[in-house]
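Engineer: Have a look at this one.
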Amino acid sequence: MKTDLLPLHARWSRPFGIARRAPWATGLLVFFATATSSLAQALYSIGVLDPANPFSEVRALSQTGAYAVGTSRSAIGTNVPVVWSLVDGLVALPNPSNRDSLAHGVSVGIGANAGYIIISGLHEGNLTHRFYKAPLNNLAGGTWTDTATAGGLGVAGNLRGGLANDLRSHPGHDGRWYTAGRRNDSGRNARFRGDPNSGWDGTAVTAVNSVSAYGVNVGRSGATPSAAFYEGPAQAFSTVPGSTGVRADGHGISPSFGISATSNFDVQWICGQVQNYPGGNFQAFRWKRGEPSMEFLGALPGHTSSTAYSIADTGVTVGRSFISGGETAVVWDTSGIWDTTGTPKVIQDLLNAAGVDTSAWTRLVRAYAVSDDGSVVAGFGLWAADGSTRGFVAVIPEPAT
């Protein structure tokens, strides 16, 4: 789960940590220094499909952050699902509905799926949930499959929803993976297991935003007031402690959530937002399994609200801080990967302080995705040259040793 099984030339995230993380690769450092010399710049635009009508955003990252998926506007004016890597650049995926679509989950296959990329997305005007498999050496060479019918979850188009990081591979070696959504016919949260294919129905009317590598869904309950929830076949329906107020959303779930119900809590996290009762603004939260209540994460000074969209196994949490007239991509961290304070930090400021040139961007607006270890974050920002919205991928710099 922690390592994308990529060709060596494509393994780019945290490049200067290769010798530390994989001692067997020490002899390859000369090769990496040549093939990835541009990695001194740790902030990337994924680009756009149509320069005349520029738009793109990132919704999910693969295990190490080597692949990013999202959407970009095509030459005919529709938003289509895309995948990006440093080696392949921006690749348009098939768009069978010819309507607005996006990709919101991605995993590099393991076990029986080694050599493949697996992607989830929303089609038919961002409503129909589908999944996609393609060889890593031919990213556009796959086909989309309707998730509901593949999992026995109703008629075509019956599964909907998902926000970001909505597909993950189980760390076992049989190749299975999970994606999730909400059944349109019953409103219940549902999960699809791929390879072998199987659908699973949850117990309550909910909205589903993400799924862990162990098949645990996270989202918002249909109760009034609503609560952030998690549920999987081996995990009973539960609300996140502290889910009080008008509305609470579970947006993100760490890849390792569900590894155990009684231990390994340090890698089991949920994040999201809570709206204060009896109204008011949203506050971002993070909750580590086993803790008695969620932790409110706060907003930037002078800002009025915040939202957390995604969380890593390390607890690194990404999202946005909001003030009337704009929003800013932020990270909350106590692990030391990006920060140690746990207070909201502007991602662009952290990159600037590390010597990364961010002048091509007016502002990084929203962070939707984070790699499993928290070292790579992604989302969208404002491109300084033309004011367009463009997807970004940011890598935390390490000393070049």
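The values are calculated or read from the model by the stated rules, or taken from the named source; none is laboratory data. Here the structure is a predicted model, which is why all the values come from computation and not from measurement. Counting neighbours? That spans all protein chains shown, and the Cβs are built from the backbone with ideal geometry, glycine included. Protein only, heavy atoms only, side chains kept; ligands, DNA and RNA dropped before computing areas. Shrake-Rupley method; radii C 1.70, N 1.55, O 1.52, S 1.80 Å.
Engineer: Accessible area per residue for the chain in Å², computed with a 1.4 Å probe and the full protein assembly in place, what is it?
Structural biologist: Ligands and nucleic acids excluded, the result is 36 Å² per residue.
Engineer: Taking a ≥ b ≥ c as the square roots of the eigenvalues of the Cα gyration tensor of segment 34-136, is the shape rounded (a/c under 1.5), prolate (a/b larger than b/c) or oblate?
Structural biologist: Judged from the Cα gyration tensor, segment 34-136 comes out oblate (a/c at least 1.5, b/c at or above a/b).
Engineer: Quantify, in whole percent, the carbon and sulfur part of the accessible surface of the chain (1.4 Å probe; protein heavy atoms only).
Structural biologist: Whole-percent figure for carbon plus sulfur exposure: 53.
Engineer: Continuing with the same structure: Cα gyration tensor of the chain, axes a ≥ b ≥ c as square roots of the eigenvalues: rounded (a/c below 1.5), prolate (a/b > b/c) or oblate?
Structural biologist: Here the chain falls in the rounded category.
Engineer: Of the listed peptides 74-80, 318-324, what is their order by residue-averaged count of other C-beta atoms within 10 Å, with the highest listed first?
Structural biologist: 318-324, 74-80
Engineer: With point charges of +1 on the Cβ of Lys and Arg and -1 on the Cβ of Asp and Glu, referenced to the Cα centre of segment 255-401, which listed residue (GLY280, VAL330, ALA367) lies farthest in the positive direction of the dipole?
Structural biologist: Most positive-ward Cα: GLY280.
Engineer: Using 0.36 nm times the number of residues separating ALA204 and GLN235, minus their current alpha carbon distance, what extension gain do you get?
Structural biologist: Answer, rounded to one decimal: 9.8 nm.
Engineer: Based on DSSP H runs of at least 4 residues, each adding -39500 (n - 2.57), what is the mean residue ellipticity at 222 nm of the chain after dividing by all its residues, to the nearest 500 deg cm²/dmol?
Structural biologist: Helix-only estimate at 222 nm: -1000 deg cm²/dmol.
Engineer: Same structure again: Using alpha-carbon pairs under 8 Å, 6+ residues apart, how would you state the relative contact order of the chain in percent?
Structural biologist: 13
Engineer: Taking segment 226-301, which chymotrypsin sites (Phe, Trp or Tyr not before Pro) meet the DSSP loop condition and have no more than 13 other C-beta atoms within 10 Å?
Structural biologist: Answer in residue order: no site qualifies.
Engineer: Only Cα pairs under 8 Å and at least 6 apart count here; give the relative contact order of segment 102-208 as a rounded whole percent.
Structural biologist: 23
Engineer: Where does each of 180-187, 374-381 land if you order them by average Cβ count within 10 Å, highest first?
Structural biologist: 374-381, 180-187
Engineer: Using +1 at the Cβ of each Lys and Arg and -1 at the Cβ of each Asp and Glu in segment 127-202, identify which of THR149, PRO135, TRP200 lies farthest towards the dipole's positive end.
Structural biologist: Ranked along the dipole, the leading option is TRP200.
Engineer: By the gyration tensor of its Cα atoms, with a ≥ b ≥ c the square roots of the eigenvalues, what is the shape of segment 81-137: rounded for a/c under 1.5, prolate for a/b over b/c, or oblate?
Structural biologist: Oblate shape, in that a/c is at least 1.5 and b/c is the bigger or equal ratio.
Engineer: Right, next: For Cα pairs less than 8 Å apart in space and 6+ apart in sequence, what is the mean separation divided by the residue count of segment 188-308, i.e. the relative contact order in percent?
Structural biologist: Once normalised by length, the contact order is 17 percent.
Engineer: At a Förster distance of 25 Å, what's the computed FRET efficiency of THR145 paired with SER186, Cβ-Cβ distance as r, to 0.05?
Structural biologist: 0.70
Engineer: How much length is gained if the chain between THR340 and THR304 is pulled fully straight, taking 0.36 nm per residue apart and subtracting their Cα-Cα distance, in nm to one decimal?
Structural biologist: Additional length available on full extension: 10.7 nm.
Engineer: Go ahead and set up a Gaussian network model of the chain, Cα springs under 10 Å, then flag whichever of ASN95, ASN264, ASN158 fluctuates most.
Structural biologist: Greatest mean-square fluctuation among the candidates belongs to ASN264.
Engineer: When the Karplus curve 6.51 cos²θ - 1.76 cosθ + 1.60 is applied with θ = phi - 60°, which whole-Hz ³J(HN,Hα) does each residue of segment 381-388 get, with x for Gly and Pro?
Structural biologist: x, 9, 7, 5, 5, 9, x, 6
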